[in-house]
Each structure stands twice: as C-alpha cells, then as structure tokens.
Amino acid sequence: MLNDQNKKRCWEVLAKFGCEHQMNMVIEECSELQKAVCKIIRDDGRVTDAHDENFREELVDVIVVCQQMFLALKMTDDEINRRAGAKLERALK
C-alpha cells in the first residue's frame with residue numbers, strides 16, 4: 001500500500017523509536033481512528049467536511065503504524081495478501 005519511499009521512512013521511524021514504542025503507537029492511532037468513527041456515528045452517520053478530513057487523517061495514521069508492524073514482523077506483501085484474502089473469503093461466506 002505504501003510506496004517504497006514511505007516504507008523506507010517507516011523503517012527510519014522504527015529505528016529511531018523502537019518497535020515497542022511503535023506498538024504503543026498502534027494502540028494510540030487505533031484509538032484515535034475509533035473516536036473519529038464514533039463522531040460520525042454520533043452525528044447519525046452524516047459525514048461533514050470536518051469529519052471526512054479527520055477520518056482520512058486517522059485512517060492514514062493507522063495504515064502507517066500497521067506498515068511499521070508489517071516491516072518489524074518481516075511480513076511480505078504475499079503473506080499480508082494471503083492472510084487478507086482468507087479473512088475476506090470468510091467474511092463473504
């Protein structure tokens with residue numbers, strides 16, 4: 001999902017802060033995304049420009065920290081797609 005330049009930056013962040021710190025960031029960023037979704041739901045699902053911008057920002061933050069975890073765990077794109085495919089297949093049954 002992220003291009004090679006951004007993956008390189010993910011490695012740099014991991015090297016700077018360490019895996020344990022970034023695992024804590026996964027928790028924080030997922031929490032912030034959850035709050036963004038709750039705000040939209042609380043407003044009867046109406047997505048305003050402010051909601052949309054916040055939701056997009058938090059969604060990307062989660063993608064970035066997840067990419068860092070993929071790298072830290074040495075997960076290949078093939079493994080990620082295989083696991084995602086299995087989950088999607090189960091969801092569609």
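The values are calculated or read from the model by the stated rules, or taken from the named source; none is laboratory data. For clarity, every value in this text was computed on a predicted model and none was experimentally measured. Cβ placement follows ideal geometry from the backbone for every residue including glycine, while neighbour counts extend to all protein chains displayed. Heavy atoms of the whole protein, side chains included, go into the accessibility calculation; ligands, DNA and RNA do not. Shrake-Rupley method; radii C 1.70, N 1.55, O 1.52, S 1.80 Å.
I'm trying to understand the selection: among the residues of the range 39-54, which are open to solvent by 100 Å² or more (accessible area, probe 1.4 Å) and either assigned to a helix (DSSP H, G or I) or at pLDDT 95 or above (or both)? Passing the criteria: Ile41, Arg42, Asp49, Glu53. Going through (1) touching a residue at least 12 places away in the same chain (Cβ under 8 Å); (2) assigned to a helix (DSSP H, G or I); (3) open to solvent by 100 Å² or more (accessible area, probe 1.4 Å) one by one, Ile27 falls short only on (1). Screening Glu32, Glu12, Glu53 for residues that are under 14 Å from the mean Cα position of the chain (by Cα) and at negative phi leaves exactly one candidate, Glu32. For Ala36, the conditions (1) surrounded by 12 or more Cβ atoms within 10 Å (Cβ to Cβ); (2) closer than 15 Å to Met1 by Cα all hold with the exception of (2). Would a scan of the range 55-65 turn up a residue that is in contact (Cβ under 8 Å) with a residue 60 or more places away in the chain, part of a helix (DSSP H, G or I) and open to solvent by less than 60 Å² (accessible area, probe 1.4 Å)? Yes, because at least one residue in the range 55-65 is in contact (Cβ under 8 Å) with a residue 60 or more places away in the chain, part of a helix (DSSP H, G or I) and open to solvent by less than 60 Å² (accessible area, probe 1.4 Å).
Being surrounded by 13 or more Cβ atoms within 10 Å (Cβ to Cβ), outside any helix (DSSP H, G or I) and at pLDDT 95 or above is a property that Met75 has.
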